[in-house]
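K.L.:
Sending over a structure as structure tokens; questions will come in a sec.
The values are calculated or read from the model by the stated rules, or taken from the named source; none is laboratory data. Remember, predicted model here, so these are calculated numbers, not experimental data. Cβ sites come from the backbone with ideal geometry, for glycine too, and all protein chains shown count toward neighbours. Please note that ligands, DNA and RNA were not included when accessible areas were found on the heavy atoms of the full protein model with its side chains. Shrake-Rupley method; radii C 1.70, N 1.55, O 1.52, S 1.80 Å.
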Amino acid sequence: MRKNLLLSLFMPIMCMFACPLRAQFLQGDTIVVNDTIVALDNITVTAQKNVIQKVDKIVYRINEKDFLRHAKADNALRRLPDVSVSASGILIDSYKHAAIYIDGLPSDEETLKRIDIDEIERIEVIKNPSAIYGSELTGGVINVVKRKKKEHFIKAEITGRGAAMRGIYGFTPSLAFKTGILTLNTYYSFTKNNQDVSTRTERWTSSTFERQDIQDQIRGWQGFGLLNARLDFRETDYLILSATSMNYRFDHRYAGTLTTGESTAPVDDKALEQLGKYSANLLYRHDFDRATNLEVKGRYFDYDNHYRSLTDNHSRIREASGEILFQKQEIDLWGNPLELVLDYKSVYRRYLTGSQGDRLASQSANATVSYNVAGLSAYLALGYDYTHQTVGTTTTGYHTLLPVATLAYRFPNRFNLSLQYARKITRPGVDYLNPTIDRINPMYLRQGNSALDPQQNNELSLSVRKSITNNHNLSLNAYYRFNNGLISEILTDREGQTIYSYDNIGRARVAGVNAGWNASLPLNFYVNTRIGPSYNDYAAPGSTALLTRNSGWSLFAYAGIGTRILDFLSADLDLFYNSRGYGLTGTVRTRPSVNLNIEANLLSDRLTLGLYCMDLGGWSTQTTLLAQGDALDQRTTIRNKMMNFSLTVTYRFGKKFNSAIGGRTIENSDIITK
């Protein structure tokens with residue numbers, strides 16, 4: 001603090017006499033202040049604003065002083081406006097599932113939990129991503145950009161966790177180091193997960209009544225792994241290589257009774273569920289100058305799903321893709337900046353379903369342009385996708401245009417208005433295509449449909465954002481989603497058996513509105529809330545399915561609150577509630593879920609103790625699925641004791657040592673400028 005004060009007193013003198021004082025700094029030194037940009041010979045004074053609003057994304061610079069030391073990246077997301085983080089996942093604007101990217105490469109929520117907040121340079125929230133992030137991405141994107149560290153270091157963590165009520169325990173070792181041009185990060189997370197789920201299903205048709213009571217005893221494990229290497233060849237060139245894995249295995253033991261009419265029979269089944277996901281990613285980037293860069297990407301993905309009960313069902317995807325992207329910023333057009341991005345991507349995918357092998361090849365080209373005039377900003381992206389697909393002995397090709405557009409206006413009083421439109425496609429997943437019948441239990445038979453077509457997704461939204469002060473933000477969002485030929489689960493009757501399958505149903509319409517409030521309060525408190533209703537309508541006119549229409553209202557509510565206490569203790573509480581979930585085959589009724597997370601740093605921040613309380617109060621123990629139609633009525637009640645208390649212990653060790661590469665960074669967040 002004393003150094004910050006002295007530098008703030010002498011900064012005006014330094015700016016007036018930059019040349020005489022030049023010798024006091026090494027070439028390449030960086031001085032970071034809050035608001036202004038001043039250029040000195042061989043010295044760069046860089047502005048840091050907490051929020052940068054762009055037409056295509058919102059950029060947040062995270063203040064690590066708001067968090068415990070060694071807090072993780074998922075904690076930073078809890079404080080971002082319009083972002084909801086809970087045990088149910090990460091949402092943007094309450095209805096868009098967020099795809100996680102780290103340094104421009106696909107990642108996941110598990111990896112977020114391994115990144116310290118002081119490693120983050122910025123977080124980008126992209127609400128209306130173009131097809132550059134994938135022609136099938138219908139949600140939003142959260143891209144975490146890590147800092148490029150100058151110093152060399154080696155550090156490691158070992159985490160152990162155990163739960164009191166559900167037989168869950170696990171461990172996670174991780175290692176990171178930097179030496180020379182190489183920065184390496186790796187971790188593996190293993191969790192033993194046991195659950196007991198009871199299900200009652202009652203089904204009425206015109207001629208029969210069935211009731212099934214099942215106790216599903218689940219015993220299994222899951223694992224996540226990452227190996228990431230970054231090579232910084234020069235200031236203008238770097239290469240990232242990463243490999244990830246996700247595996248799980250669960251053994252199911254079903255025991256109960258099945259009642260049909262007047263007769264009752266015992267149920268005693270076993271099932272094995274195995275899943276493996278593996279990926280390898282490559283990103284090479286070259287900066288021609290501060291405003292121009294080129295990226296080359298490559299990816300291999302392997303998905304392997306195996307379910308064995310009375311039948312043996314095996315689905316697999318093998319996919320390879322290559323991509324090249326060119327970006328040019330700050331193009332002067334009539335005195336205003338224009339940004340241009342050009343992208344080409346090629347994907348080859350092979351589906352393996354039972355004895356059948358299907359192939360898909362996709363070529364896509366994308367161009368995006370953003371332009372700013374005074375307070376008006378426009379973003380336009382146009383993607384073209386050509387797909388050549390072979391299913392069995394049938395080969396088809398189809399062309400799709402994928403426009404994405406955003407028009408935004410910033411009023412002088414911190415008021416932002418944004419209108420957005422996007423069209424994406426969704427190709428059927430390999431499990432949806434698999435024609436083999438899965439017998440999950442006597443009343444749940446599932447079969448894929450190899451004749452499924454891709455669906456087109458359209459979305460129109462209007463959002464309003466208002467910054468009351470630097471610490472308070474209000475937002476209002478209205479949206480309308482419409483799809484024709486939607487890929488949906490259906491219920492069909494085949495020779496007297498009710499089977500769950502998939503089809504391109506007639507239409508889906510979802511409209512909603514939600515409002516949010518985000519604030520940083522005194523005593524290091526934060527509040528992040530969002531609430532709003534939506535109306536859902538699914539219809540399959542002319543279909544032979546047992547259920548052809550389902551619609552209704554739903555209420556979404558999210559509230560997150562937390563604080564940091566005395567620099568060694570933090571507490572975060574979140575409430576998540578989505579009253580109804582709709583689909584053609586039924587309506588899911590859920591209860592609120594409340595989760596509490598407490599962390600404390602001890603032993604000079606080398607040891608962190610965490611207490612996580614999931615489903616505090618046990619409100620979300622019961623879920624109800626209702627299916628009602630002219631030919632069938634069904635009610636399923638699922639009881640799963642989600643309430644649990646888990647203890648986490650993390651110990652870290654390592655060291656840093658100086659590097660002669662690059663200049664020093666002098667941090668001075670206390671300097672106040674106008």
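K.L.:
Output yes when any residue across the stretch 524-538 is touching a helix residue (DSSP H, G or I) at 6+ places or on another chain (Cβ under 8 Å) and within 29 Å of Ile52 (Cβ to Cβ), and no when none is.
P.N.:
Filtering the stretch 524-538 for residues touching a helix residue (DSSP H, G or I) at 6+ places or on another chain (Cβ under 8 Å) gives 524, 526.
Among the residues that remain, those that are also within 29 Å of Ile52 (Cβ to Cβ) are: 524, 526.
Yes.
K.L.:
A further question on this structure: When only residues in the stretch 384-407 that are surrounded by 15 or more Cβ atoms within 10 Å (Cβ to Cβ) and among the hydrophobic types (A, V, I, L, M, F, W, C) count, which is nearest to Gly134 (Cα to Cα)?
P.N.:
Going through the qualifying residues, I end up with Leu402.
K.L.:
I'd like the full set of residues that are assigned to a loop (DSSP other than H, G, I, E, B) and either crowded, with 16+ Cβ neighbours inside 10 Å or in contact with a helix residue (DSSP H, G or I) (Cβ under 9 Å, 6 or more places away or on another chain) (or both), limited to the stretch 569-611.
P.N.:
Narrowing the stretch 569-611 to residues assigned to a loop (DSSP other than H, G, I, E, B): 579, 584-585, 590-592, 603-606.
Ser579, Leu584, Thr585, Thr590, Arg591, Pro592, listed by residue number.
K.L.:
Could I ask something else about it? Being closer than 18 Å to Asn75 by Cβ, of a type in the set (A, V, I, L, M) and surrounded by 16 or more Cβ atoms within 10 Å (Cβ to Cβ): is that true of Ala627 here?
P.N.:
Taking the combined requirement at face value, the residue does not satisfy it.
K.L.:
Another one. So which of Asp251, Asp213 is modelled with pLDDT of 95 or more, farther than 30 Å from Glu119 by Cα and open to solvent by less than 50 Å² (accessible area, probe 1.4 Å)?
P.N.:
On the way: Asp251 fails: open to solvent by less than 50 Å² (accessible area, probe 1.4 Å).
Testing whether each residue is modelled with pLDDT of 95 or more, farther than 30 Å from Glu119 by Cα and open to solvent by less than 50 Å² (accessible area, probe 1.4 Å) leaves just Asp213.
K.L.:
Moving on to the next point. Among the residues of the stretch 320-339, is there at least one that is more than 29 Å from the chain's Cα centre (by Cα), aromatic (Phe, Trp, Tyr) and not in a strand (DSSP E or B)?
P.N.:
The answer is yes, given that some residue of the stretch 320-339 is more than 29 Å from the chain's Cα centre (by Cα), aromatic (Phe, Trp, Tyr) and not in a strand (DSSP E or B).
K.L.:
Out of the residues in the stretch 547-568 that are on the phi > 0 side of the Ramachandran plot and modelled with pLDDT under 90, which is least open to solvent (accessible area, probe 1.4 Å)?
P.N.:
For the stretch 547-568, the residue satisfying everything is Asp567.
K.L.:
Moving on to the next point. Consider the stretch 120-148. How many of its residues are assigned to a helix (DSSP H, G or I) and open to solvent by less than 20 Å² (accessible area, probe 1.4 Å)?
P.N.:
Here is the first cut: in the stretch 120-148, the residues assigned to a helix (DSSP H, G or I) are 131-133.
Now restrict to residues that are open to solvent by less than 20 Å² (accessible area, probe 1.4 Å): 131.
Qualifying residue count for the region: 1.
K.L.:
From Arg481, Arg465, Arg446, Arg410, grab the single residue that is in a strand (DSSP E or B), of a type in the set (D, E, K, R), farther than 30 Å from Val51 by Cα and open to solvent by 20 Å² or more (accessible area, probe 1.4 Å).
P.N.:
Numbers: Arg481 fails: farther than 30 Å from Val51 by Cα; Arg465 fails: farther than 30 Å from Val51 by Cα; Arg410 fails: farther than 30 Å from Val51 by Cα.
Sole residue among the options that is in a strand (DSSP E or B), of a type in the set (D, E, K, R), farther than 30 Å from Val51 by Cα and open to solvent by 20 Å² or more (accessible area, probe 1.4 Å): Arg446.
K.L.:
Turning to a different aspect of this structure: Restrict the check to the stretch 45-56 and report whether at least one residue is modelled with pLDDT of 90 or more and closer than 24 Å to Asn514 by Cβ. Steps first, answer last, please.
P.N.:
Going through the stretch 45-56, the residues modelled with pLDDT of 90 or more turn out to be none.
No: the stretch 45-56 contains no residue that is modelled with pLDDT of 90 or more and closer than 24 Å to Asn514 by Cβ.
K.L.:
Something else about it: Which of the residues that make up the stretch 339-378 are in contact with a helix residue (DSSP H, G or I) (Cβ under 6 Å, 6 or more places away or on another chain) and either surrounded by fewer than 16 Cβ atoms within 10 Å (Cβ to Cβ) or among the polar types (S, T, N, Q) (or both)?
P.N.:
Taking the stretch 339-378 and keeping what is in contact with a helix residue (DSSP H, G or I) (Cβ under 6 Å, 6 or more places away or on another chain), we get 343, 351, 353, 366.
Scanning the stretch 339-378 gives Thr353, Asn366.
K.L.:
Could you check Thr544 against (1) buried (at least 21 other Cβ atoms within 10 Å of the Cβ); (2) of a type in the set (S, T, N, Q); (3) part of a loop (DSSP other than H, G, I, E, B) and say which number it fails?
P.N.:
Checking Thr544 against (1) buried (at least 21 other Cβ atoms within 10 Å of the Cβ); (2) of a type in the set (S, T, N, Q); (3) part of a loop (DSSP other than H, G, I, E, B), the one that fails is (1).
K.L.:
Also, I was wondering about something else. Residues in the stretch 221-244: is at least one under 25 Å from Asp438 (Cβ atoms) and among the charged types (D, E, K, R)? Give the steps one after another, and end with the answer.
P.N.:
Taking the stretch 221-244 as the starting set, the residues that turn out to be under 25 Å from Asp438 (Cβ atoms) are 221-223.
Within this subset, residues satisfying the condition of being among the charged types (D, E, K, R) are none.
Within the stretch 221-244, not a single residue is under 25 Å from Asp438 (Cβ atoms) and among the charged types (D, E, K, R).
K.L.:
Which residues, counting only those in the stretch 67-105, are under 9 Å from the mean Cα position of the chain (by Cα), farther than 20 Å from Tyr577 by Cα and open to solvent by 20 Å² or more (accessible area, probe 1.4 Å)?
P.N.:
Matches in the stretch 67-105: Ala99, Tyr101.
K.L.:
With respect to Asp108, is the statement that it is more than 22 Å from Pro81 (Cβ to Cβ), open to solvent by 30 Å² or more (accessible area, probe 1.4 Å) and touching a residue at least 12 places away in the same chain (Cβ under 8 Å) true? Steps first, please.
P.N.:
On the way: more than 22 Å from Pro81 (Cβ to Cβ): yes; open to solvent by 30 Å² or more (accessible area, probe 1.4 Å): yes; touching a residue at least 12 places away in the same chain (Cβ under 8 Å): yes.
For Asp108, the condition - more than 22 Å from Pro81 (Cβ to Cβ), open to solvent by 30 Å² or more (accessible area, probe 1.4 Å) and touching a residue at least 12 places away in the same chain (Cβ under 8 Å) - is met.
K.L.:
Here's another thing I want to ask about it. If we scan the stretch 152-162, do we find a residue that is of a type in the set (Ser, Thr, Tyr) and open to solvent by 20 Å² or more (accessible area, probe 1.4 Å)? I'd like the intermediate steps shown before the answer.
P.N.:
First, pick out the residues of the stretch 152-162 that are of a type in the set (Ser, Thr, Tyr): 159.
This time we only want the ones that are open to solvent by 20 Å² or more (accessible area, probe 1.4 Å), so: none.
Scanning the stretch 152-162, I find no residue that is of a type in the set (Ser, Thr, Tyr) and open to solvent by 20 Å² or more (accessible area, probe 1.4 Å), so the answer is no.
K.L.:
Can I ask one more? Identify the single condition in (1) at pLDDT 95 or above; (2) open to solvent by less than 20 Å² (accessible area, probe 1.4 Å); (3) hydrophobic (A, V, I, L, M, F, W, C) that Val513 does not satisfy, given that it satisfies every other one.
P.N.:
(2)
K.L.:
Regarding Leu231, is this residue touching a residue at least 24 places away in the same chain (Cβ under 8 Å), surrounded by fewer than 17 Cβ atoms within 10 Å (Cβ to Cβ) and within 27 Å of Val296 (Cα to Cα)? Show your work before the answer.
P.N.:
Details: touching a residue at least 24 places away in the same chain (Cβ under 8 Å): yes; surrounded by fewer than 17 Cβ atoms within 10 Å (Cβ to Cβ): yes; within 27 Å of Val296 (Cα to Cα): yes.
When the stated conditions are applied, Leu231 passes them.
K.L.:
Keeping to the stretch 49-66, report how many residues are of a type in the set (Val, Ile, Thr) and either touching a Phe, Trp or Tyr at 6+ places or on another chain (Cβ under 9 Å) or open to solvent by 20 Å² or more (accessible area, probe 1.4 Å) (or both).
P.N.:
Pass one, the stretch 49-66, residues of a type in the set (Val, Ile, Thr): 51-52, 55, 58-59, 62.
Right, trim to either touching a Phe, Trp or Tyr at 6+ places or on another chain (Cβ under 9 Å) or open to solvent by 20 Å² or more (accessible area, probe 1.4 Å) (or both) and you get 51-52, 55, 62.
Count: 4.
K.L.:
Further question: Please identify the pairs in which a residue from the stretch 313-340 that is of a type in the set (Lys, Arg) has its Cβ atom under 6 Å from the Cβ atom of a residue that is open to solvent by 60 Å² or more (accessible area, probe 1.4 Å), counting only partners at least 6 apart or on another chain.
P.N.:
Pairs that qualify, where the first residue is of a type in the set (Lys, Arg) and the partner is open to solvent by 60 Å² or more (accessible area, probe 1.4 Å), are Arg318/Arg350.
K.L.:
How many residues does the stretch 341-360 hold that are over 26 Å from the mean Cα position of the chain (by Cα) and at pLDDT 90 or above?
P.N.:
Initial filter on the stretch 341-360 (over 26 Å from the mean Cα position of the chain (by Cα)): 352-359.
Filter once more, so that each one left must be at pLDDT 90 or above: none.
Within the stretch 341-360, residues that are over 26 Å from the mean Cα position of the chain (by Cα) and at pLDDT 90 or above number 0.
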